[in-house]
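Presented below is the structure to which this report refers.
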Amino acid sequence: MAPRSLLIGLAVAALSLFAPSASAFKEKPSPFSFSSTPGGYQLGGPNLAPEIRVAPNDAPGVLRAAKDLAADFGKVLGVNGTVVVAEWSATIAQTGATRPIIFIGTVGKSSLVDNLISSQKLDVAPISGKWESYLYKVVSSPWQGRDAVLVIAGSDSRGAVFGIYDIAERIGVSPWHYWADVVPTKRQYIWASNDNTHQEGPPSIKYRGIFLNDEAPALTGWGKANFKASQYGSAFVSDFYRHIFDLVLRLKGNYVWPAMWSSMFYLDDPKNGPLATEYGIFMGTSHHEPMARADKEQGRFLKGSWDWKSNKAGVQTFMQEGPARAKNWSTIYTLGMRGSGDAASATLSSSALEEIIAWQQSALTKAIGKPISEIPQVWVMYKEVPGYWQAGMKVSDDVTLLWSDDNRGNIRRIPIGNEEKRKGGSGMYYHFDYVGDPRNYKWINTIQLQKTWEQMTLTHDSGVKNIWIVNVGDLKALELPTAHYMAIAWDRDNFDTPDSTRQWLKSWSGRQFGEAVAEEAASIMTTYGKLTARHKYEDLSRTPFAFHDTNYDEVELNYKEWTDLLARAQKAHDSLATAVQDSFFEIVLHPVLAGKTVFEIYSKVALGSRYATEKRISANKLAKDVQAAFSADQAITKRFHSIKNGKWNHFMDQTHIGYNNWQEPSSNSLPKLTTITAAASNAIMGVSAQGSTAAFPGSAKLTMAPLSAFGPPGVDRYFDVFARADGTFTYEITSDSAFLNVTNRRGTVSSPNGTPDLRAVLTVDWAAVPAGSSTATLTVTNLNQTSAKATVVVPLEKPTLPADFKGHVEADRVVSIEAEHFSPADSSKEYVVVPDYGRTLSGVRLPPRTPSQPAAKGFVLAYPFYTFSEAADASVVVYLGPSENANPNSPNKYSVAVDGGAATTVQVVPLTNGSSQPAGWADAVVRGSYVKTSKVGKLAAGRHVLKLYLLEPTMIVTKVVVDVGGVKTSLMGPPESWVAK
């Protein structure tokens, strides 16, 4: 057996072999440069900005966006561009113009663009006839006497607008210039390359956008403080929606569901509907608001009850008024029906819904005067609604079936059978925010981008390409996941490898905060996503506390990750120019700071409870720390409200501490604190051993869990010396073995003004430890009262490992393996590693279009492992993402076998009728994982191979554990075992 130091080196080397290969995010290179050295066609310089020309016959939205671009040049250069509305004839007459010129136009609608096409100066064949596509390029000698112009051509008006905003972002104006205070990048010069045509589109998803929801108290309070409320009391008026529409278009989106808790989009401001159409935004209504009428309109204007069975005539009259009002605006009509107040209906049935949708389609054709095939329409398959469809409904193919996640980011359904061939196609309603069981989550960002990538690429690749809509709650605090989601929706091909999100995040961070901090900001938010994937803030008050306060040091280690992350985020923030710090605080530092503070509250409550059982006086200090963190939480909210002289006042007002059911508490409240009464002064010294709640002097001898020469790397083994009362004592630790020593072997413990706890970390010279099993003893003596002595017994295991073995090695009767650390030589190449997915390291899945695999005979993941212990009834524990049975005909299953023995096939998620969540769902989504255990029978000591077969592409595995009698209760399972190379 090799010395311990060598073994650790081999482990690190072996782990590196499993690391996923790097892959660049496929962002198109920028055609702009910014040096003082000429580099193409000059668009800007000192006191120089372009003249932007738009034909008078183009769409109003193109002219409006052109004015934005002129202002954006001003934000970057310090001097605005100028917008000129002119026909081609007037343009070519100005042969002496010396300012740079940009033409913007829609193919077939702009005389400026169309004349360049007809004169063969501009080739638009790559975008012609396509949905929302654009190109821009420098055109040389566009007419006699003019050297060049930059042309932005759109296949349609939104295509032209997207080209405008693409240039705005590339020269330095973020889509988040308003909503996250991202400072425009200052430039002295702007050059457009003469060499290439920049082309984008059509988008991967036809209709893609955001849903403002669950908008009280934060967005509602902010809106009322900043916009004049309508006669109905809502502040979500046209001046508000201008900011929303600007953002959506700059993110290359085109679809919005408006805020609806206490507002009525079309009535709160008569300008709202026409404004959306002017911007080029398709408006919709949410899953329970059919026919372009808001939920709040039902209470005000519906005659009779919202019930098709008992009040069909009243409901029909109410619904008819929606398309009559919205027929001249860009609208996607929501069909179907749910019960009143966004609840299931007690009177609806599949046949009734067939009747409702058929009537709604007839009403649409009458009101709008077009064939139903030309009217965008969607039926939202939310909550109980898929149950009606699953019962065998027949609905016109013109309707888009908008499937949904489970409100926690797990896709419930993908198209199956002939559903993908429907003319109306499919869509997906996804959540970054939610109000409902098992808990609301609507305070700040708790979204892991890698999970969004995994679920939404599954969605797209399964044929869901017509509509994507995401619930973004208040929007503020969800800037990052919203930007990521919209980027995938625009160009899924940019995200064609699992590492794409990591690369996108670095690129995006560079555009928001500058290249100097881009990589660190990306790393910080990746780690943040991992930490929040373990538990959302609102779920932390569930009992018992999810993170175990003793086993695997879960509470301590998880909280340490938060404190380490905060130190990094604060350092990155402080390195930035003052002007950039606000946006960095809003998007990066605030969620880390606020999140760490909430985790501090619950972590120290849990530790304090354990400390109290050990009679540590520091339990009282932890109680004070919790109270201080609770006050700090309020101070952090006030700090957020102070940004930009109160610009964001009322955001973050959402309560988030002290949930005791699914609904938010009326106010934040402290968890129950545990304190102790000090021990007698002659029993001041206490000692506790890692992994146990037993403590000296209650237990004079403390026996630690065995230390193994093959223990998990990087895991400290220790015991604590602590004060049981206020006072001071000095202790000394002696060892009966030369090969076992400790840190802090002599120290002074003092309370309340000193250090009440000191940790003695064990160090082992494994080369000197005898082979096999042995025991060493440490004695802790209170030098102020020498009769007070604690004995700590340390079992040591130094078994022999064959020199040729490669794989994970047991310690303390456990083998724990991160899923991506399979044996490449023995596993199927079809598997995809998703880096940074889940709660620990990564996930492993099959590509989305992979056919269902036969049990124990399909694509295999092989995990060699070695055990020193024998087990009469060993188990394999598999940790998976909380994915749903997205294909109900092929539910998520896996097979597992050891050493060629009989395979066990496990169905991870029970099937349902489509109307309800499966058994075990709430626990899985709260804990961020389905955890399944299979018995594999007798397991002898020696070499083994665990084989895992994922049978469906709609599932993802994160960790596998072989339990030979040592697995302890925990949230995330034992740390990864040592691996021999």
Item checked: Expected 222 nm ellipticity per residue - DSSP helices of 4 or more, -39500 (n - 2.57), all of the chain, to 500 -> -9000 deg cm²/dmol
Item checked: Cα-based Rg and Dmax for region 830-981, where Dmax is the largest Cα-Cα distance (Å) -> 15.4, 49
Margin query: In region 137-242, if the dipole is taken from +1 on Lys/Arg beta carbons and -1 on Asp/Glu beta carbons about the Cα centre, which of Val183, Trp143, His198 is farthest to the positive end?
Written below: Trp143
Notebook entry, point to check: For the residue pair Ser750 and Glu87, what label-to-label distance in nm results when each label sits 7 Å from Cα along the Cα-to-beta-carbon direction?
Noted result: 9.1 nm
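Using the Kirkwood radius over C-alpha pairs as Rh, can you work out the diffusion coefficient of region 32-195 via Stokes-Einstein at 25 °C, viscosity 0.890 mPa s, in µm² per second?
157 µm²/s
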Item checked: FRET efficiency, 1/(1 + (r/R0)^6) with R0 30 Å, evaluated for Glu374 and Ser119 via beta carbons -> 0.30
Next item on the list: For region 407-531, count all C-alpha to C-alpha pairs, find those more than 20 Å apart, and express that count as a whole percent of the total.
Entry: 47 percent
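Under a point-charge model restricted to the Cβ atoms of Lys and Arg (+1) and Asp and Glu (-1), what is the dipole moment magnitude of the chain relative to its Cα centre, in debye to the nearest 20?
460 debye
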Check: Taking the Cα centre of region 681-798 as the origin, how large is its charge dipole in debye, to the nearest 20, when only Lys and Arg (+1) and Asp and Glu (-1) carry charge on their Cβ atoms?
Finding: 100 debye
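Between Thr703 and Gln627, what FRET efficiency follows from the Cβ-Cβ distance if R0 is 30 Å, with the result rounded to 0.05?
Working from the Cβ atoms, E equals 0.25.
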Margin query: Around Glu732, under 13 Å between beta carbons, what's the net of Lys plus Arg minus Asp minus Glu among the other residues?
Written below: +3
Note to self: Modelling each spin label as a point 7 Å along the Cα-to-Cβ direction, I'd like the Ala216/Ala577 distance in nm, to one decimal.
What the structure shows: 4.3 nm
Checklist line | With Cα atoms, 0 to 90° folded angle of helix 554-574 axis to the chain main axis | finding: 50 degrees
Note to self: Under the 0.36 nm per residue contour assumption, what length would be gained going from the current alpha-carbon distance of Lys644 and Ser507 to full extension?
What the structure shows: 46.7 nm
Note to self: Students often forget the sequence filter, so: which aspartates and glutamates lie under 14 Å Cα-Cα from Lys465 once same-chain residues fewer than 8 apart are removed?
What the structure shows: Glu419, Glu420, Asp491, Asp493
Next item on the list: Using packing as a proxy for protection, rank 892-901, 822-831 so that the peptide with the highest average count of other Cβ atoms within 10 Å comes first.
Entry: 892-901, 822-831
Margin query: Please compute the length gained on full extension between Ala678 and Thr905, using 0.36 nm multiplied by the number of residues separating them and subtracting their Cα-Cα distance.
Written below: 76.3 nm
Next item on the list: Restricting things to alpha carbons, find the Rg to Rh ratio for the chain using the Kirkwood radius for Rh.
Entry: 1.01
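Please compute the length gained on full extension between Arg849 and Asp923, using 0.36 nm multiplied by the number of residues separating them and subtracting their Cα-Cα distance.
This chain segment gains 23.8 nm when fully extended.
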Checklist line | By average C-beta atoms within 10 angstrom, highest first, the peptides 279-290, 426-437, 840-851 | finding: 279-290, 426-437, 840-851
Note to self: With 10 angstrom as the radius, rank Glu515, Glu732 by how many other C-beta atoms surround their C-beta, starting from the fewest.
What the structure shows: Glu515, Glu732
Note to self: Given Cβ point charges of +1 (Lys, Arg) and -1 (Asp, Glu) and nothing else, what value in debye, to the nearest 20, does the dipole of region 32-195 about its Cα centre take?
What the structure shows: 200 debye
Notebook entry, point to check: When every alpha-carbon pair in region 824-901 is counted, what percent end up more than 16 Å apart?
Noted result: 63 percent
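Calculate the translational D of region 681-798 in whole µm² s⁻¹ from Stokes-Einstein, where the hydrodynamic radius comes from the Kirkwood formula applied to all Cα pairs, the temperature is 25 °C and the viscosity 0.890 mPa s.
The estimated diffusion coefficient comes to 169 µm²/s.
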Check: Peptides 534-541, 312-319, 690-697: what's the order by average Cβ count within 10 Å, highest mean first?
Finding: 534-541, 690-697, 312-319
Checklist line | Virtual spin-label span in nm between Ser349 and Asn913, 7 Å along Cα→Cβ | finding: 1.3 nm
Checklist line | Local net charge near Thr365, Cβ-Cβ under 14 Å (Lys/Arg +1, Asp/Glu -1) | finding: +1
Margin query: List the lysines whose Cα sits under 22 Å from the Cα of Lys67, skipping any in the same chain fewer than 8 residues away.
Written below: Lys75, Lys109, Lys137, Lys186, Lys252, Lys271
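List the equivalent ellipsoid semi-axes of region 207-495 in whole Å, largest first, each obtained as the square root of 5λ for an eigenvalue λ of the Cα gyration tensor.
In descending order the semi-axes read 26, 24, 18 Å.
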Next item on the list: Just rank Lys959, Lys224, fewest to most, by other beta-carbon atoms within 10 angstrom.
Entry: Lys224, Lys959
Checklist line | Met456, Met337 arranged by Cβ crowding within 10 Å, fewest neighbours leading | finding: Met337, Met456
Next item on the list: Please report the orientation-averaged projected area of region 499-677, defined via the convex hull of its C-alpha atoms, in nm².
Entry: 11.7 nm²
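Would you mind getting me the FRET efficiency between Ala324 and Ala391? Use the beta-carbon distance for r and R0 = 35 Å, nearest 0.05.
After rounding to 0.05, the efficiency reads 0.60.
Readers should treat all values here as calculations from the given coordinates under stated rules, not as data from a laboratory. On a predicted model such as this, the values are computed, not experimentally measured, just so you know. Quick reminder, even Gly has a Cβ in these numbers, built from the backbone with ideal geometry, and neighbours come from all protein chains shown.
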